[in-house]
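Since the structure comes first, as C-alpha cells, the remarks are kept for the end.
Read-outs throughout are calculated quantities, based only on the coordinates presented, and are distinct from any laboratory measurement. For clarity, every value in this text was computed on a predicted model and none was experimentally measured. All Cβ positions, even for glycine, are placed from backbone atoms using ideal geometry, and neighbour counts span all protein chains on display.
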Amino acid sequence: MHTHILSGNKEDIKKAAIALRNGKLVAFPTETVYGLGANALDQKAVAKIFKAKGRPQDNPLIAHIGAKEDLDALVLKVPKKAKILIDAFWPGPLTIVLQKSGIVPEIITAGLPSVAVRMPSLDIALDLIKKAGVPIAAPSANTSGRPSPTSAKHVIEDLRGRIDYIIDGGRTRIGVESTVIDLTVDPPVLLRPGGITKEEIEKKIGQVRISRHGSVAKSPGMKYRHYSPRAEVILTKDIQKSADNYMNKGYKVGIMATDKTPYSADRIRYIGKSNEQIAKNLFEAFRDLDKYKVDIILIKGVNDNGLGLAIMNRLKKASTIDKE
Ligand code: TXA
Ligand code: MG
C-alpha cells in the first residue's frame, strides 16, 4: 500500500475526510500525539486500525468527536461531573469514559459496556473530524508497544506502507497522551494521567481515585507494555554515577537530561527542565536513543505534581521495574 503524505491545508484535509468516510486509515496530529483514525461507526475500517498497529483486540479505542453535541449519540447518559469536565476542558486533552450507546460498535470498546470519548483541540484534527461527519476512532499512531508519535516522521517510521494517509501537522504541542477518566463510577477513576492534570480535574469535580495500573478490567490497555523504547529505562538520582557504572560493564548508555550538567555517556539528549518541556520531548527522545541503539536510558524522576504524574507514569511503564 502506498502511504500519501498530506499537509494541513484545507484541500488536503478535505481529501483525508473523504478517505475516512470511505473506510480508509488516516493518521492525523492532535494537541497530544498523532492518532491513527478510522470511521468509528464502520467496523471494517476500525478493524484495519488493529491490524496496521499490531494492537491486541482487547484494547479499546477512543472515539474522537468534532463538537460537544456529538457526544450524546455515543453514550447512554452524561452525568453531572462529566458535564462539568466537558465545559471546563473540551476541546482538549481529556478523554471521558461513559456507558456506551447502541450505535458504538463492539470492536471499538473491546466488548466493554463503556466507551471513551474525546474532543481534541488542534484545528487540523477538529476540521478533519467535522468534515468526515462521523466520529473517528483513533489510538496513538505508533506500532503497538512503541512510544506514541509526536511528529509525522514518527508515524512514517512506524506505519508507512500500512495506512492510506498521514497528515503532517508538525510537532505536537503537549507530547503525552490525553488524560483518561472513568465517569461510569463515582468517585470517578483516573485511568491514565495525561494532558489535563489531576489537580485541574479535582478543582472542578472534587476528589478522584487513581487507578493503580491495573484496574485491568476497567482499562484493558493498561496491562500492555506501553511507551517503551527498546532500551531499558532506568530512573536514577545520580545520573553520572549510574552512567559510569553501566559503561564500565560494557553497556551503551544514553542519558535523557533534565538539567544542563555536562554529562558524559554514549548519547545525551537534553529534554528540558519544566514538566511541559519534558512531556513535549519525552517520546521523541526515546525514539532518538533507540536509533542510537543504546542498551540503557538513564533519567532523573520528576515529582508527581501537575504534568509530572503523566511523565512518571510513562517513565515507569517504560522502565525495568514495570516491564513484564
Ligand atoms: O491523546 C490521546 O488520547 C491519543 C490521541 C490520538 O487522541 N490517543 C490515545 O489512544 O492515546 P490510545 O488508544 O493509545 O489510548 C487509549 C487508552 C487506552 O489505555 C485504552 O485502554 C483506554 O484509553 N480506553 C479506551 N476505551 C476505554 C474504555 N471503554 N474503558 C476504559 N479504558 C478505555
Ligand atoms: Mg497508545
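Below 8 Å between Cα atoms, with a sequence gap of 6+, how large is the relative contact order for segment 1-152 in percent?
35
Among Thr30, Ile65, Ile271, whose Cα sits farthest toward the positive end of the charge dipole of the chain (+1 at Cβ of Lys/Arg, -1 at Cβ of Asp/Glu, about the Cα centre)?
Sorting the options by dipole projection puts first Ile271.
Answer with one residue from Pro135, Gly145, Ile163: the one whose Cα lies farthest towards the positive end of the charge dipole of segment 111-218, charges on Cβ with Lys, Arg +1 and Asp, Glu -1.
Positive-most Cα among the choices belongs to Gly145.
Where does helix 308-318 land angle-wise versus the long Cα axis of the chain, in degrees 0 to 90, nearest 10?
For 308-318 against the chain, the angle is about 80 degrees.
Taking Rh as the Kirkwood radius computed over C-alpha pairs, what is the Stokes-Einstein D of the chain at 20 °C in a medium of viscosity 1.002 mPa s, expressed in µm² per second?
The calculation lands on 108 µm²/s.
Express in whole angstrom the spacing between the alpha-carbon centres of segment 159-194 and segment 61-95.
14
Roughly how big is segment 51-202's charge dipole about its Cα centre, with Cβ charges of +1 (Lys, Arg) and -1 (Asp, Glu), in debye to the nearest 20?
280
Between Tyr292 and Glu11, what length comes free when the chain is fully extended (0.36 nm per residue of separation minus the Cα-Cα distance, one decimal in nm)?
97.4 nm
Would you mind calculating the gained length between Glu157 and Gln43 on full extension (0.36 nm times residue separation, minus the Cα-Cα distance), in nm to one decimal?
38.4 nm
State whether segment 42-84 is rounded, prolate or oblate according to the following rule on the C-alpha gyration tensor (a ≥ b ≥ c being the square roots of its eigenvalues): a/c under 1.5 gives rounded; otherwise a/b larger than b/c gives prolate, and the remaining case gives oblate.
It is prolate, given that a/c is not under 1.5 and a/b is the larger ratio.
Kirkwood Rh over alpha-carbon pairs of segment 256-324, then Stokes-Einstein at 4 °C and 1.567 mPa s: what D in µm² s⁻¹, rounded to an integer?
104
Mind jotting down a quarter of the surface of the convex hull over the alpha carbons of segment 58-165, in square nanometres, one decimal?
Projected over every direction and averaged, the Cα hull of segment 58-165 covers 7.3 nm².
Expressed as an acute angle from 0 to 90° and rounded to the nearest 10, what is the orientation of the C-alpha long axis of helix 239-248 relative to the principal long axis of the chain?
70
Could you let me know the centre-to-centre spacing of segment 115-132 and segment 264-324, using Cα atoms, in angstrom?
28
Of Lys131/Lys273; Lys260/Lys316; Lys48/Lys280; Lys252/Lys280; Lys14/Lys203; Lys100/Lys198, which sit over 32 Å apart, Cα to Cα?
Checking Cα-Cα distances, Lys131/Lys273; Lys14/Lys203 exceed 32 Å.
Only Lys, Arg, Asp and Glu count, each charged at its Cβ (+1, +1, -1, -1), so figure out the dipole size of the chain about its Cα centre, rounded to 20 debye.
Charge dipole of the chain: 380 debye, to the nearest 20.
Among the trypsin sites (Lys or Arg not before Pro) within segment 43-113, which fall in a DSSP loop and have no more than 13 other Cβ atoms within 10 Å of their own Cβ?
Answer by residue number: Lys77.
For segment 107-220, which semi-axes, largest first and in whole Å, follow from the square roots of 5 times the eigenvalues of its Cα gyration tensor?
27, 17, 15
Output the 0 to 90 degree angle, nearest 10, between the alpha-carbon long axis of helix 43-53 and the longest principal axis computed from the alpha carbons of the chain.
10
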